[in-house]
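To keep things clear, I will list the structure first and then write my remarks on it.
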Amino acid sequence: MNILEVRDLTKRYRSGKGIRGVHFDLPKGTILGIIGLNGAGKTTLLNCLTGFLKFDSGTVRYAINGEVQEKITPALLDDLGIVSSEYGFPDHFTAKTISRIMSATYRRWDAARFFEILAHLELEKGLRTSKYSSGMKTKLAIAIALSHNAKILILDEATRGLDVRASSRVRELLHNHVSNGENAIILTSHIMGEIERMSDTIMLVDDGNVQFISNKDDLLYEHKIFQVTSAQLVGMDKGDISKIKREEHAIYIIAKDTRAFAEKYKLDAVASNLDRVIELMLEGEAL
């Protein structure tokens, strides 16, 4: 069952940037990772979903607690845990102060859970935020998002500034959040490895358009990379090739049909990860 449905969502700026016709579903119990270059439209999309930005056309439909809603209301915001790149607390605040403020903001604020997460992420509750590093600010924002029983977490660059151990603990917290099969998460990250480790489904946004939405495992299976020589390329049908990238010492290809391509040209795919696949999709040429 979907907890969120987005249909033909469009937001255009005077510059021509924005998003166009975005269309996807977010099932319960899943983590959707949104990837794309800077300026591709990822943050614009998240801001439209959370009501921070008014979109031009389309619909955003939340289905939470048996109720379908298309308008962002205070009650709906209780069910959204939002982490953005903007940080909004005064420097003299401590986590204790913030917890008191959040208890007056969210109906289901769980202070015990908040301080438990802070301890798990090794963040001192009595330290003033003026002493926070960027990673500490990220930890605080994630702890807030996870402490008011939100049904959907919307996280923009949720691992920004985190070290290896903190990233691992955040991944654990996020996977636990959706393990009940009722919650869901949308996240963006420039760290492709984090998206690969955390997400069930991956959406690629390029120049405001959704290029694809795919199950992560299916994406890696269906978009394998082949390395070929110039001589081999000459004998290939251009209709078999989705993307091609010529590098200094080799030519790399993503085929339109991986299995058929491998059989037709008697080639084996090279070892690759999500980072490499997306690189070829964004930077490769279409023949």
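Tell me the net charge near Thr201. Cut-off is 13 Å between Cβ atoms, Thr201 excluded, with +1 for each Lys or Arg and -1 for each Asp or Glu. So the surrounding residues net to -3.
Among 146-159, 49-62, 182-195, sorting by the average number of other beta carbon atoms lying within 10 angstrom of each residue, highest first, gives 146-159, 182-195, 49-62.
Normalised by 2.2 N^0.38 Å, where N is the number of residues, the C-alpha radius of gyration of the chain stands at 1.12. The gain in end-to-end length when the His23 to Leu233 segment is fully stretched comes to 72.0 nm, 0.36 nm per residue minus the alpha carbon separation.
Separation of the stretch 221-287 from the stretch 1-80 is 33 Å, based on Cα centroids. Computed extension gain for Arg61 through Asp163, at 0.36 nm per residue and net of the alpha carbon distance, reaches 33.2 nm. Projected over all directions and averaged, the alpha-carbon convex hull of the stretch 1-137 occupies 10.0 nm².
In this structure the amide hydrogen of Asp206, modeled in the peptide plane, comes within under 5 Å of the amide hydrogens of Gln211, none closer than 5 places in sequence on its chain. From its DSSP helices (H runs of at least four residues, each -39,500 (n - 2.57)), the chain gives a residue-normalised ellipticity at 222 nm of -9500 deg cm²/dmol. For the chain, the relative contact order is 21 percent, taking Cα pairs closer than 8 Å that sit 6 or more residues apart in sequence and dividing their mean separation by the residue count. By the rule of a C-alpha distance below 22 Å, with chain neighbours fewer than 8 residues away ignored, the lysines paired with Lys238 are Lys224, Lys256, Lys264, Lys266.
For the stretch 195-287, the convex hull drawn through the C-alpha positions has a volume of 103 cubic angstrom per residue.
Could you tell me which of rounded, prolate or oblate describes the stretch 135-213, using a ≥ b ≥ c as the square roots of the eigenvalues of the alpha-carbon gyration tensor, with rounded for a/c under 1.5 and, failing that, prolate when a/b is larger than b/c and oblate otherwise? Oblate, because a/c is 1.5 or more while a/b does not exceed b/c.
Across the stretch 40-55, rounded Karplus estimates of 3J(HN,Hα) from the backbone phi angles (6.51 cos²θ - 1.76 cosθ + 1.60, θ = phi - 60°) give 6, x, 4, 5, 4, 4, 5, 5, 5, 5, 9, x, 6, 9, 7, 8 Hz, Gly and Pro being marked x.
The loop-placed chymotrypsin sites (Phe, Trp or Tyr not before Pro) in the stretch 199-287, going by DSSP, include none that has at most 12 neighbouring Cβ atoms within 10 Å of its Cβ. Normalised by 2.2 N^0.38 Å, where N is the number of residues, the C-alpha radius of gyration of the stretch 56-111 stands at 1.44.
Here the stretch 64-147 is treated as a Stokes sphere of Kirkwood radius computed over C-alpha pairs; at 4 °C and 1.567 mPa s its diffusion coefficient rounds to 95 µm²/s. Could you state the angle between the C-alpha long axis of helix 111-120 and the longest principal axis of the C-alpha atoms of the chain, as a value from 0 to 90 degrees rounded to the nearest 10? With rounding to tens, the tilt is 50 degrees. On the basis of the beta-carbon distance and an R0 of 30 Å, Tyr13 and Thr73 show a calculated FRET efficiency of 0.70.
Packing around the peptides 4-12, 124-132, taken as the average count of other Cβ atoms within 10 Å per residue, puts them in this order, highest first: 4-12, 124-132. Under the convention that each Lys and Arg Cβ holds +1 and each Asp and Glu Cβ holds -1, the size of the dipole of the chain around its Cα centre is about 800 debye. Using R0 = 25 Å, the C-beta based FRET efficiency linking Asp240 and Asp218 works out to 0.80.
Relative contact order, whole percent, for the stretch 198-287 stands at 30, derived from Cα pairs under 8 Å and 6 or more residues apart. Could you work out the local net charge near His148, counting Lys and Arg as +1, Asp and Glu as -1, over the other residues with Cβ closer than 13 Å to its Cβ? Here the charged neighbours net out to +1. The long axis of helix 164-178 is offset from the longest Cα principal axis of the chain by roughly 80 degrees. For the stretch 1-77, dividing the convex hull volume of the Cα atoms by the residue count gives 93 Å³ per residue. Annotation: Lys96 carries an accessible surface of approximately 100 Å², with a 1.4 Å probe and no ligand, DNA or RNA atoms counted. Measuring nothing but protein heavy atoms, the accessible surface of the chain at 1.4 Å probe radius is 47 percent carbon and sulfur.
The values are calculated or read from the model by the stated rules, or taken from the named source; none is laboratory data. Not measured: the values here are computed from a predicted model. In this analysis, Cβ positions are derived from the backbone assuming ideal geometry, glycine residues included, and neighbour counts consider all displayed protein chains. Ligands, DNA and RNA are stripped out before the accessible areas are found, and what is left, the full protein with its side chains, is counted by its heavy atoms. Shrake-Rupley method; radii C 1.70, N 1.55, O 1.52, S 1.80 Å.
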